[in-house]
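The values are calculated or read from the model by the stated rules, or taken from the named source; none is laboratory data. A quick note: this is a predicted structure, and the numbers were derived from the prediction, not measured. In this analysis, Cβ positions are derived from the backbone assuming ideal geometry, glycine residues included, and neighbour counts consider all displayed protein chains.
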């Protein structure tokens, strides 16, 4: 018979798997330092096939409050969103930075590279299903919805870490994707040069 609520038990189980409460605190601190949201982490974990416990669907603050309760401390009050003015201004991509980022994707993240290539070649929006199909065809590898979630999570982590504008766009239901029109011409030129050198 357990005296823990299900979410507390799940956190204790997770703490044991990760190596203790101190490891969870370390993970939360790294996520804060790198500006990685729980949603991005969850999308990445889902893309790797990890079965997520339902109690992990909350926000970072909720995990921190639960940890304090488990340790016998007083829970922190929920965090209030910062005023709009304290949110960092997103940086525009300079030509050289964009080239370096796409070169990196081409070398290390094939799916991300193909994702950008397809969005660059597509005028307007492309459906999720068509995007998944095209990336699979171009890569000659199995590419699924989980793979696409992994691409999205990787982009969010790498771009948000440096406070850059997103190069891509998706609707709130993640059913349609397109390129940020601001960068379409620069990216088109990049892929033309890449194709001619291949």
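Quick notes on this one:
- Tally, over segment 179-198, of residues that are out of contact with any helix residue (DSSP H, G or I) (no Cβ under 8 Å at 6 or more places or on another chain) and outside any helix (DSSP H, G or I): 2
- Residue in segment 106-113 that is closer than 23 Å to residue 36 by Cα, at pLDDT below 90 and not assigned by TED's automatic domain parsing to the domain that holds residue 36 present: no
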